[in-house]
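First the structure, in the form of structure tokens, and then the observations on it.
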Amino acid sequence: MADLLQVEIATPERLVASASADSAQIPGKEGYMGILPGHAALLSELGDGELSFTLSGATERFKVSGGYVEIRDNRVRVLADKVT
Amino acid sequence: MPSLIDIRRRVRSVRNTQQITKAMKMISAAKLRKAQDRALASRPYAAMLDRILANVAEAASRSGGAEHPLLAIRAEQRVLAIVVTADKGLAGGFNSNLLKLAQRFLNEHRAKELSLEVIGRKARDYFRRRAYTVSGEHLDLFRNVRYEDAERIAETVIERFSNGQVDSVYLFVNEFKSVVAPNPVGVRILPIEVPKSSSPADYIYEEPPEEMLGNLLPRYVKMRIYRALLESAAAELAARMTAMDAATSNASDMIDKLTLYMNRVRQASITREIIEIVSGAAALD
């Protein structure tokens with residue numbers, strides 16, 4: 001089993017979530033991206049949609065709109081304008 | 001010599017004042033914790049934004065497209081200063097030190113065309129009494145600092161900068177360095193000085209970096225202003241707490257001194273009465 005992803009979701013006002021995951025789906029500006037551990041470094045703008053990540057079967061979901069995502073060394077950092 | 005009743009009245013009034021300052025100190029302390037938490041909560045986003053911006057700017061300049069209206073350095077003819085103070089006083093030198101700093105800056109740039117954006121009632125009152133162009137007032141933001149407020153202020157500032165109404169923008173604010181003393185600073189926020197990337201990496205860019213840069217820069221300015229508001233809110237409460245603590249202990253000293261004086265006066269009057277009685281009795285003999 002490879003490493004886990006470390007997912008962090010932050011808005012200007014607070015850190016919304018910080019958790020480990022073995023996969024994540026992120027709404028990019030140009031469509032959804034599925035992220036697995038070992039993903040190459042990536043920077044993208046965030047679109048509107050549902051962001052979810054899964055850790056051993058349990059899925060957490062957030063509605064996000066606008067912002068950025070940075071993926072690097074198995075860390076997924078999401079800067080969202082709004083999270084609900 | 002003041003009468004006993006007068007002194008007793010003064011002691012009572014000082015004691016009442018002390019109760020108020022003590023309450024204000026405790027309220028400030030409780031609010032300070034909350035304000036500090038909020039300032040801390042915005043830190044992850046700010047740190048991530050810095051890093052992303054640094055990387056994107058680097059990538060954009062590599063592909064030769066790091067030109068953006070918010071990065072344009074022009075000759076400084078028209079200068080906008082954003083001055084952030086509190087809405088209320090009774091916070092030691094919190095407001096006056098910041099205004100002094102801003103005033104010094106304005107004096108240095110006297111030759112240029114100056115305009116001001118004031119945040120907080122104290123700054124507004126100060127500049128209203130002097131002949132400065134105040135382009136915007138923002139009051140009552142600190143009870144509950146919201147990102148939207150910072151966004152709104154940032155948007156007007158960004159607009160004025162990008163359509164050339166001002167050539168640079170400076171921000172004057174009390175930083176929250178420690179609980180003991182606020183730290184007034186003045187920094188240039190526009191044109192933006194892009195932070196240097198500490199750990200550059202080869203990212204895959206989903207969108208062209210130049211395009212991302214265009215969206216990132218306004219966000220960066222908003223975040224700068226938002227953080228300034230949060231810091232100022234926390235620093236204000238810390239300053240008030242310190243000032244009220246000093247006031248409370250000054251009141252204690254004063255009560256002690258007055259009580260001592262009161263006892264002396266009382267003793268003197270007792271002594272005088274005894275003398276009167278004794279000499280009265282001696283006269284009868």
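The values are calculated or read from the model by the stated rules, or taken from the named source; none is laboratory data. In this text the structure is predicted, and so the values were computed from the model without any measurement. Methodologically, a virtual Cβ is constructed for each residue, glycine included, from the backbone with ideal geometry; neighbour enumeration extends over all protein chains shown. Just the protein is used for accessible areas: all its heavy atoms, side chains included, with ligands, DNA and RNA removed. Shrake-Rupley method; radii C 1.70, N 1.55, O 1.52, S 1.80 Å.
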Inset, instruction - Tally the residues that are touching a strand residue (DSSP E or B) at 6+ places or on another chain (Cβ under 6 Å) and closer than 18 Å to B:Arg152 by Cα, restricting the search to the range B:125-142. - result: 5
Legend entry - Cross-chain or 6+ apart pairs with Cβ under 7 Å, the range B:177-202 first and modelled with pLDDT of 80 or more, then exposed (fewer than 14 other Cβ atoms within 10 Å of the Cβ) and in a loop (DSSP other than H, G, I, E, B): B:Asn183/B:Lys177; B:Pro191/B:Ile73
Legend entry - the range A:47-75: number of residues that are open to solvent by less than 60 Å² (accessible area, probe 1.4 Å), within 11 Å of chain B (Cβ to nearest Cβ) and not acidic (Asp, Glu): 7
Inset, instruction - Among the residues of the range A:16-38, write down those that are surrounded by 16 or more Cβ atoms within 10 Å (Cβ to Cβ) and within 9 Å of chain B (Cβ to nearest Cβ). - result: A:Gly28, A:Lys29, A:Met33
Inset, instruction - Kindly indicate whether B:Ala75 is away from chain A (no Cβ under 14 Å), surrounded by fewer than 19 Cβ atoms within 10 Å (Cβ to Cβ) and at pLDDT 90 or above. - result: no
Legend entry - Within the range B:16-31, tally of residues that are over 16 Å from B:Asp256 (Cα atoms) and open to solvent by 70 Å² or more (accessible area, probe 1.4 Å): 5
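Residues checked against (1) within 14 Å of chain A (Cβ to nearest Cβ); (2) open to solvent by less than 10 Å² (accessible area, probe 1.4 Å):
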position: B:Arg43; (1), (2): yes, no
position: B:Leu53; (1), (2): yes, yes
position: B:Ala57; (1), (2): yes, no
position: B:Ala60; (1), (2): yes, yes
position: B:Pro69; (1), (2): no, no
position: B:Val79; (1), (2): no, yes
Inset, instruction - Among the residues of the range B:101-120, count how many are surrounded by fewer than 22 Cβ atoms within 10 Å (Cβ to Cβ), out of contact with any Ser or Thr (no Cβ under 8 Å at 6 or more places or on another chain) and in contact (Cβ under 8 Å) with a residue 24 or more places away in the chain. - result: 6
Legend entry - Set B:Val169, B:Val180: member being open to solvent by 10 Å² or more (accessible area, probe 1.4 Å) and of a type in the set (A, V, I, L, M): B:Val180
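Filter the range B:206-219 down to residues that are surrounded by fewer than 21 Cβ atoms within 10 Å (Cβ to Cβ) and either assigned to a loop (DSSP other than H, G, I, E, B) or more than 11 Å from chain A (Cβ to nearest Cβ) (or both), then give me how many there are.
5
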Inset, instruction - Would you mind telling me which numbered condition in (1) under 16 Å from the mean Cα position of the chain (by Cα); (2) over 30 Å from B:Tyr147 (Cα atoms); (3) not small (Gly, Ala, Ser) B:Glu108 fails? - result: (1)
Inset, instruction - Test each condition in (1) open to solvent by 60 Å² or more (accessible area, probe 1.4 Å); (2) under 27 Å from B:Arg146 (Cβ atoms); (3) of a type outside the set (D, E, K, R); (4) not assigned by TED's automatic domain parsing to the domain that holds B:Val221 for B:Ser13 and report the one that comes out false. - result: (2)
Legend entry - Test result for B:Glu231, more than 30 Å from B:Val118 (Cβ to Cβ) and not in a loop (DSSP other than H, G, I, E, B): no
Legend entry - Number of the condition not met by B:Leu49 [criteria: (1) outside any helix (DSSP H, G or I); (2) within 30 Å of B:Ser199 (Cβ to Cβ); (3) hydrophobic (A, V, I, L, M, F, W, C); (4) open to solvent by less than 10 Å² (accessible area, probe 1.4 Å)]: (1)
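Given the options B:Ser269, B:Ser279, B:Ser249, B:Ser232, name the one that is modelled with pLDDT of 95 or more and of a type in the set (S, T, N, Q).
The conditions single out B:Ser249.
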Inset, instruction - Please indicate, with yes or no, whether at least one residue in the range B:263-276 is polar (S, T, N, Q), in contact (Cβ under 8 Å) with a residue 12 or more places away in the chain, open to solvent by less than 40 Å² (accessible area, probe 1.4 Å) and under 30 Å from B:Glu148 (Cα atoms). - result: no
Inset, instruction - Provide a single number: the residues in the range B:179-205 that are in a loop (DSSP other than H, G, I, E, B) and more than 11 Å from chain A (Cβ to nearest Cβ). - result: 12
